[in-house]
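**Student:** Attaching a single structure in structure tokens format; questions to follow.
The values are calculated or read from the model by the stated rules, or taken from the named source; none is laboratory data. Just so it is clear, the structure is predicted and the values come from calculations on it, not from any experiment. So basically every Cβ, Gly included, is an ideal-geometry build from the backbone, and we count neighbours across all protein chains shown. Side chains included, ligands, DNA and RNA excluded: accessible areas come from the protein's heavy atoms. Shrake-Rupley method; radii C 1.70, N 1.55, O 1.52, S 1.80 Å.
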Amino acid sequence: MENPVTVEVTRGQLVESRHRGMAVVVDAEGQILFSAGDIDAAIFPRSACKAMQALPLVESGAADAYGFGNRELALACSSHSGEPEHVATAASMLKAAGRDESVLECGAHWSSHQPVLIEQARTLDRPSALHNNCSGKHSGFVCTCCHIGEDPRGYAGFDHPLQQAIRAIMADLTGAVLSRDNCGTDGCSIPTYAVPLTGLARGFGRLATGRGLEPIRAAAARRLIDACMAEPFYVAGTKRFCTKLMQVAPGKIFAKTGAEGVFCALLPEKGLSFAVKAEDGASRAAEAMMAALLARHFEKDSEEQAALMSLAHHGMTNWNGLAVGTVRVTDVLFA
């Protein structure tokens with residue numbers, strides 16, 4: 001089926017670009033409340049599913065053994081901007097396990113936050129793996145291995161015991177069959193699996209509600225979600241969209257982006273789970289879609305709804321500050 005146009009970008013009085021997408025909202029029982037597009041299509045969640053991948057860190061007892069609080073747990077679920085606070089927290093996590101950045105298998109890149117990038121370029125010869133947006137997740141992987149007595153070397157590989165455990169967790173949560181047939185390699189080198197968008201949404205719903213989960217997993221899931229909502233800066237960073245969404249309604253919204261136009265979110269108090277995918281991989285489209293869907297579930301004319309709609313439908317300016325157009329969601333998301 002052809003996915004509908006969910007986001008338009010205007011310039012002057014004309015539509016300059018259109019983004020097609022898929023979106024689904026499910027309730028606490030996993031029932032579909034809203035859908036648009038081919039929601040049964042398999043998509044790679046990419047970094048949107050990091051809270052699922054962080055479950056062994058808590059379930060194994062590693063987080064408690066190393067004294068991790070909300071910031072460390074949020075960073076383990078993050079795609080951070082490589083800002084000093086992110087780098088320092090990842091380093092401290094590794095230090096708690098008696099390791100350093102040399103054990104990380106995520107690769108290295110510069111900060112995605114321009115002021116920090118400029119400072120790094122002035123003061124560093126090159127970035128380290130700690131600056132990688134996935135260093136928090138990978139530090140969590142290393143800490144889990146060290147705590148359970150597993151050699152962390154090769155932890156990013158498909159056959160490593162940690163990745164086998166994560167694969168089983170994700171299969172259980174999403175209801176999808178995960179194997180080499182639907183496996184790709186993520187930007188940070190770990191396996192990523194294509195799952196139906198509906199399965200991804202239902203999986204996140206189970207994290208929030210604990211529905212059908214063993215008590216230890218339900219408790220670990222809620223602890224991670226709560227940590228992210230308590231420390232949204234450590235989930236993303238300065239001016240990042242995930243951080244903005246969670247700051248709109250502190251303690252009420254969990255949000256996590258993934259590469260190539262994927263976004264997942266929760267309203268834990270309402271038992272609602274959201275997943276969207278921009279067909280063309282555009283982050284601006286996924287962000288607008290998610291903000292609009294979340295806005296539908298806040299009180300009409302409330303500050304939260306207004307703030308979310310301002311993120312879903314906003315103006316664009318050029319380098320001289322002149323208004324040149326808008327990014328706006330279509331009526332498809334309000335059907």
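**Student:** Using a 4.7 Å cut-off between beta carbons, which cysteines in the chain end up with no partner cysteine at all?
**Tutor:** Result for the chain is CYS49, CYS77, CYS143, CYS145, CYS146, CYS183, CYS228, CYS242, CYS264, no neighbouring Cys Cβ within the cutoff.
**Student:** Sticking with this structure for a sec: May I ask which residue of GLY205, SER179, ILE190 lies farthest towards the positive end of the charge dipole of the stretch 127-209, with charges of +1 (Lys, Arg) and -1 (Asp, Glu) on Cβ and the Cα centre as origin?
**Tutor:** GLY205
**Student:** Still on this model: Name the trypsin sites (Lys or Arg not before Pro) in the stretch 63-154 that are in a loop by DSSP and that have at most 15 other C-beta atoms within 10 Å, would you? Walk me through the numbers on the way to the answer.
**Tutor:** Working: sites: ARG71, LYS95, ARG99, ARG122, LYS137, ARG153; in loops: ARG99, ARG153.
Those satisfying the criteria are ARG153.
**Student:** Separate question: Does the stretch 19-61 come out rounded, prolate or oblate by the C-alpha gyration tensor, with a ≥ b ≥ c the root eigenvalues, rounded set by a/c under 1.5 and, if not, prolate when a/b is larger than b/c and oblate if not? Intermediate values should be presented prior to the final figure.
**Tutor:** Numbers: a/c = 3.71, a/b = 1.75, b/c = 2.11.
Oblate shape, in that a/c is at least 1.5 and b/c is the bigger or equal ratio.
**Student:** Sequence-distant or interchain residues sharing an amide H contact under 5 Å with ILE43, placed H: which?
**Tutor:** The answer is VAL195, LEU197.
**Student:** Given only helices, namely DSSP H runs of n ≥ 4 each adding -39500 (n - 2.57), what is the per-residue ellipticity at 222 nm of the chain, to the nearest 500 deg cm²/dmol? Intermediate values should be presented prior to the final figure.
**Tutor:** Details: 14 runs with 135 residues, N = 335.
Calculated from helices alone, the mean residue ellipticity at 222 nm is -11500 deg cm²/dmol.
**Student:** Also, I was wondering about something else. State in Å² the accessible area per residue of the chain; use a 1.4 Å probe, count heavy atoms of protein chains only, and round to the nearest integer. Show your work: numbers first, answer last.
**Tutor:** Numbers: 14010 Å² over 335 residues.
Spelled out: the 1.4 Å probe surface of the chain, per residue, equals 42 Å².
**Student:** Same structure again: As an exercise, use a Förster radius of 25 Å and the Cβ-Cβ distance of ASP331 and SER283 to find the FRET efficiency, rounded to the nearest 0.05. Show your work: numbers first, answer last.
**Tutor:** Values: r = 22 Å, r/R0 = 0.88.
Approximately 0.70, to the nearest 0.05.
**Student:** Okay, next question. Considering the dipole of the chain built from charges on the beta carbon (Lys and Arg +1, Asp and Glu -1) around the Cα centre, which of GLY321, MET309, PHE263 is farthest to its positive end?
**Tutor:** Selected residue: GLY321.
**Student:** Additional query: Hand me the chymotrypsin sites (Phe, Trp or Tyr not before Pro) from the stretch 116-186 located in a DSSP loop with no more than 15 other Cβ atoms within 10 Å, in residue order please.
**Tutor:** Values: sites: PHE141, TYR155, PHE158; in loops: TYR155, PHE158.
Those that pass, being in a loop and sparsely packed, are PHE158.
**Student:** Now for a different question. State the answer as a single residue: which of LEU294, PRO250, THR238 lies farthest towards the positive end of the charge dipole of the stretch 188-302, with beta carbon charges of +1 for Lys and Arg and -1 for Asp and Glu, about the Cα centre.
**Tutor:** Working it through, the farthest residue towards the positive pole turns out to be PRO250.
**Student:** If contacts are Cα pairs under 8 angstrom and at least 6 residues apart, what is the relative contact order of the chain in percent?
**Tutor:** Over the chain, the number comes to 24 percent.
**Student:** Using the structure shown, select from LYS137/LYS277; LYS256/LYS277; LYS95/LYS256; LYS239/LYS300 the pairs with a Cα to Cα distance greater than 19 angstrom. Walk me through the intermediate numbers first.
**Tutor:** Working: LYS137/LYS277 22 Å; LYS256/LYS277 12 Å; LYS95/LYS256 27 Å; LYS239/LYS300 26 Å.
In this structure, LYS137/LYS277; LYS95/LYS256; LYS239/LYS300 exceed 19 Å between Cα atoms.
**Student:** Place a +1 charge on the Cβ of each Lys and Arg in the chain and a -1 charge on the Cβ of each Asp and Glu, then give the dipole magnitude about the Cα centre in debye, rounded to the nearest 20. Present the calculation step by step, with values, prior to reporting the outcome.
**Tutor:** Numbers: 31 positive and 36 negative charges, 48 e Å.
It works out to roughly 240 debye.
**Student:** Hey, what did the stretch 215-335 get for relative contact order, percent, Cα under 8 Å, at least 6 apart?
**Tutor:** Values: 175 pairs, mean separation 17.5, N = 121.
Value for the stretch 215-335: 14 percent.
**Student:** Ignoring any ligand, DNA or RNA, what whole percent of the accessible area of the chain comes from carbon and sulfur when the probe is 1.4 angstrom? Display every interim value, and only then the final one.
**Tutor:** Numbers: 6780 of 14010 Å².
Carbon plus sulfur share of accessible area: 48 percent.
**Student:** Another question about this same structure. For the chain, which longest stretch is free of loop sites, where a loop site is one of the GluC sites (Glu not before Pro) that DSSP puts outside H, G, I, E and B and that has at most 14 other Cβ atoms within 10 Å? Please list the in-between numbers first.
**Tutor:** Numbers: sites that count: GLU2, GLU29, GLU299.
Between exposed loop sites, the widest span is 30-298.
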